[in-house]
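The values are calculated or read from the model by the stated rules, or taken from the named source; none is laboratory data. A quick note: this is a predicted structure, and the numbers were derived from the prediction, not measured. Here the Cβ is made from the backbone with ideal geometry for all residues, glycine too, and neighbour counts use every protein chain on show. Calculation scope for accessible area: heavy atoms of the full protein, side chains included, ligands and nucleic acids excluded. Shrake-Rupley method; radii C 1.70, N 1.55, O 1.52, S 1.80 Å.
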Amino acid sequence: MIDVQDKNDLRALSDIVRDIRNHCAGADFMLVGAAARDLWLQHHHGIEPLRKTTDMDFAFAVPDWPAYITLTERLIESGCFKPDERAQHRLRNRVGTMIDILPFGGVESHEAQIVWPPPDETLMSVIGYAEANAATETVMLPGTVPLAVITIPMLALLKLFAWEDRHWAQPRKDASDLLFVLDHSFRMAGLERLHDLAPELFDLDEFDPELAGAWLIGCQARSVIDQHSQRAQAIVTRARMIVARETDPNGPLGLIGEVEARDPERARRKLGAFGNGLTGVRAL
């Protein structure tokens, strides 16, 4: 468990989590998205993000759509949250913080997609959410409020999928988050774990700790998928296809070009190392 009770700037998150628990007892949810990124990078590892967010994304495991609708209705009826007219999955708390309530589990199709009920009827992919939820890490927030948070390896994987799903509608956002995580993965992954997982990587003539960090979080994401998923092959295959396309030396630099990386070749290598760790290739 990670203890960040001394971080006063996390009190707003703590209040939101407490309100959710008070009015939806027993709900199974985790923090995902940019708020999870900031919690790990900034508050746990001391790495200032390129862009900060005040929005909160929570992913809820629900058995069906009626259960999800009941969940959101309880939050609104509590008086702690009010609906956002622009999106049915979005609420705002008393001080106006935007909160996305994202369902997965019983509402998914076999392809890990959900279709929001009318009036939106929007298609959204939640591939990897169930697996990430099975391997969250507990963070103790101010006020002794525990919260399940998606891990960095699974956050990176979900950012890869999110980028492919919505980069036309929301350019730069997911690509920037993914590459920023990869840039700092060597500080977060704990390279001592390489000695257990792939000690031969240390013997490479051009061993690079940054690439090794990206490889390691890819490997850790694969371990989560293998342990907790019945669709592991589909998840890995999809990720491998995206990485292969985006690291092709003759490709269009789609993901990397979106964030205008100062060293696109270096960024390409980090993405490739992440993909190698995810697919089991023992190379940086």
* Entry for volume of the Cα convex hull per residue in Å³ (calculated from the structure that is shown) out of (i) 192; (ii) 144; (iii) 132 -> (iii)
* Asked: What accessible area per residue, rounded to a whole number of Å², is obtained for the chain using a probe radius of 1.4 Å?
  -> 47 Å²
* Dipole of the chain, Cα-centred, from +1 at each Lys and Arg C-beta and -1 at each Asp and Glu C-beta, to the nearest 20 debye? -> 360 debye
* Enter the per residue convex hull volume of region 85-178, computed from alpha-carbon coordinates, in Å³ rounded to the nearest integer. => 142 Å³
* To do: Treating the angle as unsigned and between 0 and 90°, give the value, to the nearest 10°, between the Cα long axis of helix 65-77 and the longest Cα principal axis of the chain.
  => 60 degrees
* To do: Compute, for residue 149, the solvent-accessible surface of its heavy atoms (probe 1.4 Å) with the complete set of protein chains present, and express it in square angstrom to the nearest 10.
  => 0 Å²
* To do: Quick one: among 115, 224, 107, which has the greatest mean-square fluctuation in a GNM of the chain with alpha-carbon springs under 10 angstrom?
  => 115
* the chain: angle of helix 11-23 to the longest principal axis, Cα-based, in degrees nearest 10 -> 50 degrees
* Only helical DSSP H runs with n ≥ 4 go in: add -39500 (n - 2.57) per run for the chain, normalise by residue count and round the 222 nm mean residue ellipticity to 500 deg cm²/dmol. => -13500 deg cm²/dmol
* Of all DSSP beta bridges in the chain, antiparallel share, percent nearest 5 -> 65 percent
* Structure fact -> The distance between the Cα centres of region 157-205 and region 32-106, in whole Å, is 24 Å
* With the chain treated as a Gaussian network of Cα nodes joined by springs under 10 Å, which of 130, 198, 61 yields the largest mean-square fluctuation? -> 198
* Structure fact -> Taking 69, 235 and ranking on accessible area (1.4 Å, protein atoms only), highest first, one gets 69, 235
* Reachable lysines from residue 7, Cα under 19 Å, same-chain residues fewer than 8 places away excluded? -> 52
* To do: Report residue 80's accessible area, 1.4 Å probe, all protein chains in place, as a number in Å² to the nearest 10.
  => 10 Å²
* Area accessible to solvent at residue 180, 1.4 Å probe radius, in Å² -> 20 Å²
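Please report the relative contact order for the chain, taking Cα pairs under 8 Å with a sequence separation of at least 6, and give it as a percent rounded to a whole number.
It rounds to 17 percent for the chain.
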* Structure fact -> Length gained, residue 140-residue 111, 0.36 nm per residue minus C-alpha separation, equals 7.1 nm
* To do: Please report, as a whole percent, how much of the solvent-accessible surface of the chain comes from carbon and sulfur atoms (probe radius 1.4 Å).
  => 49 percent
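Could you check what % of the DSSP bridge pairs in region 1-135 are antiparallel, to the nearest 5?
So the antiparallel bridges amount to about 70 percent of the total.
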* To do: Provide the packing ranking of 237-250, 203-216, i.e. peptides ordered by the mean count of other C-beta atoms within 10 Å per residue, highest first.
  => 203-216, 237-250
